[in-house]
Amino acid sequence: MNGPADLLTNDPIALQAMLAAERAENERLRQIIKELQRHRFGRRAESLPIDQLLLGLEEIEQVEAEGFAAEDAADPAKREARARKRRANRGSLPAHLPRIEQVIDIPDKVCPCCKGMLHVMGEDRSERLDIVPAQFRVIATRRPKYACRSCEEVVVQTPAPSRLIEGGIPTEATVAHVLVGKYADHLPLYRQSQIYARQAGRGCRRHRGR
């Protein structure tokens, strides 16, 4: 991989400074790799904490990204080729997911040259994956009561629907969500409680901000 050294002039002082920086960076990366190898192959007592391991991987990715940025700044052709490669490897999103169309159109459809009307010759289309966080809502069930004005003792009302948990407030969907989280995703009930409390608090703040 070509590095920022390709952008240097023949100034010997600048070359020496860059060489020293490159050597220091390489030494730091070697130390990170040694730590990762020790975590992978060393004794159990010498293994790295998971947060330190992730920090090392993040530093490696950051150094690689800086190298790619330097290449892109020096050679626009490489930047375009790398962008095409990312688009080719990204694949397509599943067709069964719902789509929300966003049209970003030009404000004026008059030709800036001859002032004639422009016509559509095609379009560029791209897709991004969006997530709607879990939303808590309350299902309020109303059962009107009807009485007869002539027969005072007659009161007609639809019976209350049965509940999965007698006297409980969660719906069937809520219970199913908790069970899937516990037995399929291995989320303990106390962690689910913390997650739901955070999500409910976020929704309450959004509601107050309206």
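Between ARG198 and SER126, the distance separating the two model label sites (each 7 Å from Cα on the Cα→Cβ line) works out to 3.0 nm. Taking each residue as 0.36 nm, the span from PHE136 to LEU118 lengthens on full extension beyond its C-alpha to C-alpha distance by 1.8 nm.
Between GLU35 and ASN10, what FRET efficiency follows from the Cβ-Cβ distance if R0 is 30 Å, with the result rounded to 0.05?
Numbers: r = 37 Å, r/R0 = 1.25.
Step by step, r from the Cβ atoms, then E = 0.20.
Here region 146-209 is treated as an ellipsoid with the same Cα gyration tensor; its semi-axes, largest first and in whole Å, are 39, 19, 7. The length gained by stretching the chain between ARG143 and ILE104 to full extension, at 0.36 nm per residue less their Cα-Cα distance, is 9.4 nm. Rounded to two decimals, the Cα-based Rg/Rh of region 99-209, with Kirkwood Rh, is 1.27.
Calculated FRET efficiency, ARG28 to ASP75, Cβ-Cβ distance, R0 = 30 Å: about 0.70 to the nearest 0.05.
Where a number appears in this text, it was derived from the coordinates with a stated rule and is not lab data. Because the structure is a prediction, the values reported are computed rather than measured. So basically every Cβ, Gly included, is an ideal-geometry build from the backbone, and we count neighbours across all protein chains shown.
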